[in-house]
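A quick write-up on the structure given underneath.
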Amino acid sequence: MLKMNNISKIYQTEMVQTHALRDFTLQVDEGEFIAVTGPSGSGKTTFLNIAGMLEPFSEGEYLLDGIDVGKLNDNQRADVRNQKIGFIFQGFNLIPDLNLYENIEVPLRYRGIKASERKRRIEQCLEQVGLASRAKHLPQQLSGGQQQRVAIARALAGEPRFLLADEPTGNLDSLMARQVMELLEQINRDGATIVMVTHDPELARRAPRNIQVVDGQLADFTLYQGAQTIKSAAGA
Ligand SMILES: Nc1ncnc2c1ncn2[C@@H]1O[C@H](COP(=O)(O)OP(=O)(O)OP(=O)(O)O)[C@@H](O)[C@H]1O
Ligand SMILES: [Mg+2]
């Protein structure tokens, strides 16, 4: 589904040049659920933003379902993103003066989806995240975990095959974090491919595949799956 070959991303500001990703190579297959861990500033969000086509990259090749993303113009990129990708951002990114229904509706309006279909999808997604009775509430009238579920519903309403989540449990206590994780697991069983950045080792362990980003690159053991097991078998 996703193939990145030697992707590099350099941020150039007045004073410094930051190599946020260097020679980043990764393949994600359809149906996978991957947890991404790594130190703060290591490039996790940069990787997700590039995977979600929210940011250009400096070098390398990125294929999504065989489409060469680097060769698309802005409109084509937006089309592919709208068709395939859902994004759950670091923080909730809800619009404070819109109610839940309207928050989920915004990206659907952008896509030109007609009102009856918008209604169907919004009701279905609110149901799925257990907030059907709260459609008229404002974000501030909800708990952190509920707000995070709205953010998930908003991503799901686009019916994405590929869901990118940047610390979807970052602001939640452990019980709510587990509930959000269960919701993501359900979404994965329903067929979406998920890449989730997390700082929570317990949640990362629950994901079938873990990768670690260190200094803009995949850590070695993630390149050689099973290396960890070999190491621990050797008593290292
Ligand atoms: N817009 C930007 N301009 C300049 N530098 C940036 C920009 N965005 C990110 N960076 C730099 O790129 C590096 C990677 O940042 P990134 O946000 O990907 O880290 P992260 O792994 O998501 O960290 P965290 O766990 O704290 O969210 C950091 O050194 C950061 O300062
Ligand atoms: Mg980040």
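The values are calculated or read from the model by the stated rules, or taken from the named source; none is laboratory data. Source: prediction; values computed, not measured. For neighbour counting, all protein chains shown are included, and Cβ atoms are generated from backbone atoms with ideal geometry for every residue, glycine included.
In table form, for the structure just shown:
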| item | result |
| --- | --- |
| Boolean, THR18 is β-branched (Val, Ile, Thr), surrounded by 13 or more Cβ atoms within 10 Å (Cβ to Cβ), at pLDDT below 95 and at negative phi | yes |
| Verdict on GLU55 being more than 20 Å from ILE194 (Cα to Cα) and either polar (S, T, N, Q) or in contact with a helix residue (DSSP H, G or I) (Cβ under 9 Å, 6 or more places away or on another chain) (or both) | no |
| THR46 loosely packed, with under 15 Cβ neighbours inside 10 Å and within 12 Å of ligand 1 (Cβ to nearest atom) | no |
| Single residue of LEU108, LEU175, LEU164, LEU98 found to be surrounded by fewer than 23 Cβ atoms within 10 Å (Cβ to Cβ), among the hydrophobic types (A, V, I, L, M, F, W, C), touching a residue at least 40 places away in the same chain (Cβ under 8 Å) and not in a loop (DSSP other than H, G, I, E, B) | LEU108 |
| Residue count for the stretch 1-60, restricted to those that are part of a strand (DSSP E or B), without any contact (Cβ under 8 Å) to a residue 40 or more places away in the chain and more than 16 Å from ligand 2 (Cβ to nearest atom) | 3 |
| Among the candidates GLN212, GLN140, residue that is over 19 Å from MET1 (Cα atoms) and in a helix (DSSP H, G or I) | GLN140 |
